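The values are calculated or read from the model by the stated rules, or taken from the named source; none is laboratory data. On a predicted model such as this, the values are computed, not experimentally measured, just so you know. Because the Cβ atoms are built from the backbone with ideal geometry, glycine has one as well, and the counts that use them run over all protein chains shown. SASA here: full protein model, heavy atoms, side chains in, ligands and nucleic acids out. Shrake-Rupley method; radii C 1.70, N 1.55, O 1.52, S 1.80 Å.
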Amino acid sequence: MENFSPISASIGGAMIGLAAVWLMASVGRIAGISGILGGMIQKNDNKAWRLSFFIGLIIGPQFMAAIDPRILTIEFPVEGPFLIIGAILVGIGTQLGNGCTSGHGICGNALSSRRSILATITFMTTGIVTVLLTKVIGGV
Amino acid sequence: MKISVSCLLAGILFGCGLTVSQMINPAKVISFLDISGNWDPSLAFVMGAALTVTFIGYRTVFNRKLPLFVDKFQVPARKDIDTKLILGASVFGIGWGITGLCPGPAIASISFGGNNSIIFVTTMTTTIFVYRYINSKV
């Protein structure tokens, strides 16, 4: 547990929550990233708000890096084919299940949605099992 | 204009939160999911704090009849539990467990995550668009 960082985790989490609340207060939308992204190719839907949100999402981290550049140092546990397979599974899974960590995990659960609570338990479980299996298969 | 600025601000705040909490770091996400190893429970605090703020905030927001800049709240109304939901969440969890990436952090990382971020986001977005396109045809 040497990397345990409950304070920055809680502050960051609260910021994510505030962003979700502001999106609902201002434009009446759920801050579910996979849903906002999928809606980009939806007919009869205004795309400008989706695009604005994504521009913000992409530049946001750079504001934090202005305070401490080390904050953007990240590490990818897998690369190449596994990264691509993972991306395809995330793509299909979020569309089939109507949500991801943000849509179900934060917004849906905050709405006490049965679907979101069940989805969150499910993806947490398969995520944990996958990491466990990866270790067993990888022999780590 | 008000709508675009509001969404831009929401996106920035969301991206800042993902960064401060280190959700943007796939290795940190994996160490949260790795309960049998050197477990790092930090992300439970991210989820906990985000959920608490959203839970209270949504209730405050819904005291108003309408959002500030549009004429309705668009909240999913579905309550049914179906196979697609469970299957989809399962498949998503597997992809998340393999890579340590979910859609928000992946997109937030494209300006600094190098080729890995670009490959992941491009593949995920293509998959989502193809899925939606096929779904709209059947």
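Can you return the lysines within cross-link range of B:K137? Criterion is Cα-Cα under 30 Å, with same-chain partners fewer than 8 residues away left out.
Qualifying lysines at Cα under 30 Å: A:K43, A:K47, B:K72, B:K79, B:K84.
Could you give the length gained on full extension between B:A77 and B:S36, defined as 0.36 nm per residue of separation minus the Cα-Cα distance, in nm? Mind showing how you got there, number by number?
Values: separation 41, 0.36 × 41 = 14.76 nm, distance 3.74 nm.
Length gained between B:A77 and B:S36: 11.0 nm.
If you take every residue apart from A:W49 with its C-beta less than 11 Å away from the C-beta of A:W49, what net charge results, scoring Lys and Arg +1 and Asp and Glu -1?
Neighbourhood net charge equals +3.
Span-like helices, chain A: DSSP H, alpha-carbon axial extent 20 Å or more, mean Kyte-Doolittle 1.6 or greater, which ones?
On the way: long enough: A:6-27 (31 Å, 1.65); A:48-67 (29 Å, 1.46); A:80-96 (24 Å, 1.81); A:114-138 (36 Å, 1.19).
Answer set is A:6-27, A:80-96.
Among B:F62, B:L43, B:G93, whose Cα projects farthest towards the positive end of the dipole of region B:2-137, with charges put on the beta-carbon of Lys, Arg (+1) and Asp, Glu (-1)?
Working it through, the farthest residue towards the positive pole turns out to be B:F62.
Calculate the dipole size of the protein assembly as shown relative to its Cα centre from +1 charges on Lys and Arg beta carbons and -1 charges on Asp and Glu beta carbons; express the result in debye to the nearest 20.
Working: 19 positive and 10 negative charges, 229 e Å.
Result for the protein assembly as shown is approximately 1100 debye, rounded to the nearest 20.
Name the lysines eligible as straight-distance cross-link partners of A:K135: C-alpha to C-alpha under 23 Å, and not fewer than 8 places from it in the same chain.
B:K28
PRE reach from B:N63 (point 7 Å along Cα→Cβ): which of region A:4-43 fall under 15 Å by backbone N?
Those under the cut-off are A:25.
Just grab the label-to-label distance for B:F129 and A:I55, each label 7 Å out from Cα along the Cβ direction, in nm (one decimal).
1.9 nm
Using a simple spin-label model with points 7 Å from Cα along the Cα→Cβ vector, what separation in nm is obtained for B:A44 and A:I121?
Calculated label separation equals 1.7 nm.
Which aspartates and glutamates, if any, have their Cα less than 15 Å from the Cα of B:K2, not counting same-chain residues under 8 positions apart?
Leaving aside aspartates and glutamates fewer than 8 places away in the same chain, those within reach of B:K2 are B:D71.
Accessible area of chain B with a 1.4 Å probe: how many percent of it is carbon plus sulfur?
After summing per-atom areas, the C and S share lands at 68 percent.
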